[in-house]
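Novice: Pasting in a structure now, in structure tokens, and then I'll have a few things to ask.
What follows is calculated from the coordinates using simple rules that are stated; it is not laboratory data. It should be emphasised that the depicted structure is a prediction, and the values quoted were computed from it without experimental measurement. As a convention, Cβ positions derive from the backbone with ideal geometry for all residues, glycine included, and neighbour counts pool all protein chains shown.
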Amino acid sequence: MVPKVLVTRKFFPDVFSTSGYQVEYWEGRGPVTRDRLLRGDFDALVSMLFDRIDCEVLSSPRLRLVAQYAVGYDNIDLQCATSRGIYVTNTPDVLTEATAEFTWALIMAAARRVVEGDAMVRSGKWAEHDVPWDPTLLLGMELKGKQLGVVGFGRIGLRVGEIGRAFGMNVAYWSRGRRFVPWATRMELESLFSTSDVISVNLPLTPETKHLVGERLLSLVKPTAILVNTARGPVVDTEALVRALSSGRVAAVGLDVFEEEPLPPDSPLCRFNNVVLAPHLGSATTEARRAMALTVVRNLRAFLEGDVPPTLVNR
Ligand code: DGY
């Protein structure tokens, strides 16, 4: 019998059709329902980062592999999967460039007030301004010679740092890993927050990193600093961030990820002109999203052929 994979969102069917599995897509509106997940009539599952893959879902006797379509997999109970002998894979590397570039899109937008400028043009406020070119209009921050502090120096954080270097920035990083690069300075979190001009959060979400960026660290940032998060929303404590913004303790913020996704339009974060918001677009390039699907399929095929899936996370 051909094994079956349930893919919880329909996209790139030409890629999934090469998986060697009988492919069923969840085609309902919104995320796959709990009922569908619990039916347990599939051997492999391709999950999205918003699907909650807990021990109940993982208790299906038929399920052998969960192939997450993302590099982050905090939505999957990894310990439970491992204890049940279920392989979990993710999609690292192929989205590093896209996510690092998007981090820079947010840094640049925040540093040079691109969104405020766009709003000014569209709303007619530029047309109403008394002069067409104002020497003090929407002044931003130049990056050359400033300090970039990267929180989490994995693949994406490293690439964010490399791009920062190309801008002529001094790169500092905080990491629990052992990575060493001669052009960047390892710092304690407190020093990184108190000395950086741009702080980029590039950490996975784990119980240890939840609300890591909270009141204490935010109280240390320079009032001229920019904070950007393209990792996972809950790494930053939203309420503490809103307080920091309200009291002018941070100059500008760029957010691609949120504690609650989608971010409700009445969120206090939407009230600040100096906050650039994006709907979780870090890896959203045609190249990366297709390569992520190909990585998922490589994992599915390897598993079918009795090999260890190439991007297994529970080794
Ligand atoms: C991931 O891969 O974890 C991103 O959040 C989506 O690409």
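Novice: Per the helix-only calculation at 222 nm, which mean residue ellipticity applies to the chain, given -39500 (n - 2.57) for every DSSP H run of n ≥ 4 and division by its residues, nearest 500 deg cm²/dmol?
Specialist: Dividing the helical sum by the residues of the chain leaves -8500 deg cm²/dmol.
Novice: If you stretched the chain out fully between Asp130 and Arg179, how much longer would it get, using 0.36 nm times the residue separation minus the C-alpha to C-alpha distance?
Specialist: Contour length minus Cα-Cα distance gives 12.4 nm.
Novice: Which ordering of Lys4, Lys125 is given by a fewest-first count of other beta-carbon atoms within 10 Å?
Specialist: Lys125, Lys4
Novice: Right, another one. Can you tell me which of 283-291, 167-175 comes out highest on packing, and rank the rest after it, using the mean Cβ neighbours within 10 Å?
Specialist: 167-175, 283-291
Novice: Could you please rank Cys55, Cys80, placing first whichever residue has the fewest other Cβ atoms within 10 Å of its Cβ?
Specialist: Cys55, Cys80
Novice: Okay, moving on. Check which residues have an amide H placed less than 5 Å from Ala67's amide H, if you skip close sequence neighbours.
Specialist: So Ala67 has HN proximity to Leu45, Val46, Ser47, Thr89.
Novice: Straight-line reach from Lys222: which lysines have a Cα under 29 Å away, not including same-chain ones fewer than 8 places off?
Specialist: Lys144, Lys146, Lys210
Novice: Continuing with the same structure: So what's the angle, to the nearest 10 degrees on a 0 to 90 scale, between helix 114-123 and the longest Cα principal axis of the chain?
Specialist: With rounding to tens, the tilt is 80 degrees.
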